[in-house]
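Rule-based calculations on the coordinates, nothing more; no lab input. Everything numeric here is computed off the predicted structure, so don't read it as measured data. Every residue, glycine among them, receives a Cβ derived from its backbone with ideal geometry; neighbour counts consider all protein chains shown.
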Amino acid sequence: MIEITKLDENLASQVLDKWLERDKRRLTQLQREWLQSKLKPSWNEPTPLFLSLLYDITLAWHSFGDANLDTLSNITCTRDAIEQLYNQLSMKHGEVLFRRAMTYLQHAGGLSETELLDMLSVDDEVLQSVFVHYLPPIEIFRLPNTLWIRIRNDMHKYMVEIEVDNMTIIYL
């Protein structure tokens, strides 16, 4: 087993700079200051997971959107960063759909995509949240796969896929 320890502020900053460069992104001075303040060593942060979560949060930022940094000031640990990322992705994908998909994966201890889509497709609240403006034909009353694929694409680095009995199981 490999122990992953916290990163020092300098290394964490270098990693973030490389990620920004790789993705051809820039931060405003205020955004960078906010991010740097989160990299200061604390009890057990910054860890690689915390750093990755912070970076994913910045992906929704725009150069003209410094005002929302106040709402992010309470991020002090990995759990806070996960909650913020979940809030961000809930707004993007729909609160009910995103939260239920994550909940099913967590509580089941891993599911195949088919099992997850089956569970989401029989969840009345999920269907009502997705089919707000129209109803699909009765014979195919099922959650569109593309909705799950979008969530999976945004969460892929936080999921583990393992082959079990010739079936891919997704763990969160």
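What is the magnitude of the charge dipole of the stretch 9-92 about its Cα centre, with +1 placed on the Cβ of each Lys and Arg, -1 on the Cβ of each Asp and Glu, and no other charges, expressed in debye to the nearest 20?
Approximately 240 debye in magnitude.
How far apart, in nanometres, would the label points at GLU125 and ILE162 be if each is projected 7 angstrom from Cα along the Cα-to-Cβ direction?
2.9 nm
To the nearest 20 debye, what is the magnitude of the charge dipole of the stretch 26-172 about its Cα centre, counting +1 on the Cβ of each Lys and Arg and -1 on the Cβ of each Asp and Glu?
Using only the charged Cβ atoms, the result is roughly 580 debye.
Against the longest principal axis of the chain, how steep is helix 78-93, in degrees 0 to 90 to the nearest 10, with axes from Cα atoms?
Roughly 50 degrees, rounded to the nearest 10.
To the nearest 20 debye, what charge dipole does the stretch 19-62 have about its Cα centre, counting +1 at the Cβ of each Lys and Arg and -1 at the Cβ of each Asp and Glu?
Around 140 debye, computed over the stretch 19-62.
How tilted is helix 29-38 with respect to the longest principal axis of the chain? Cα atoms for both, answer in degrees (0 to 90, nearest 10).
Between helix and principal axis, roughly 90 degrees.
Ordered by residue, what ³J(HN,Hα) values in Hz, to whole numbers, does the stretch 156-167 give under the Karplus form 6.51 cos²θ - 1.76 cosθ + 1.60, where θ = phi - 60° and Gly and Pro are x?
Per-residue couplings from phi come out as 3, 7, 9, 10, 10, 10, 10, 7, 10, 6, 6, 9 Hz.
What FRET efficiency do you get for GLU113 and THR47 if R0 is 30 Å and r is their Cβ-Cβ distance, rounded to the nearest 0.05? Don't skip to the end; give the middle numbers.
Working: r = 29 Å, r/R0 = 0.97.
E(calc), rounded to 0.05, equals 0.55.
Estimate the FRET efficiency between VAL132 and THR103 by the formula 1/(1 + (r/R0)^6), using the beta-carbon distance for r and 25 Å for R0, to the nearest 0.05.
0.75
Can you pull out the chymotrypsin sites (Phe, Trp or Tyr not before Pro) in the stretch 98-172 that DSSP calls coil and that have at most 16 other Cβ atoms within 10 Å?
On the way: sites: PHE98, TYR104, PHE131, TYR134, PHE141, TRP148, TYR158, TYR171; in loops: PHE131, TYR134, PHE141.
Those that pass, being in a loop and sparsely packed, are PHE131, TYR134, PHE141.
Take every Cα pair under 8 Å in the stretch 9-92 that's 6+ residues apart, average their separations, divide by the length, and report that relative contact order as a whole percent.
31 percent
Can you give the longest stretch of the chain with no exposed loop site, where a site means trypsin sites (Lys or Arg not before Pro) in a DSSP loop (not H, G, I, E or B) with at most 14 other C-beta atoms within 10 Å?
It works out to 27-141.
Give me ASP124, ASP154 ranked fewest to most by other Cβ atoms within 10 Å of their Cβ, as a rough exposure proxy.
Least to most surrounded, the residues fall as ASP124, ASP154.
Could you let me know the centre-to-centre spacing of the stretch 83-97 and the stretch 1-35, using Cα atoms, in angstrom?
Taking the Cα centre of each part, the stretch 83-97 and the stretch 1-35 sit 23 Å apart.
Tell me the angle of helix 48-58 to the major Cα principal axis of the chain, expressed in degrees between 0 and 90 and rounded to the nearest ten.
80 degrees
Using only alpha carbon pairs under 8 Å that are at least six residues apart, calculate the relative contact order of the chain and give it in whole percent.
18 percent
Per residue and in Å³, how big is the convex hull formed by the alpha-carbon atoms of the chain?
157 Å³
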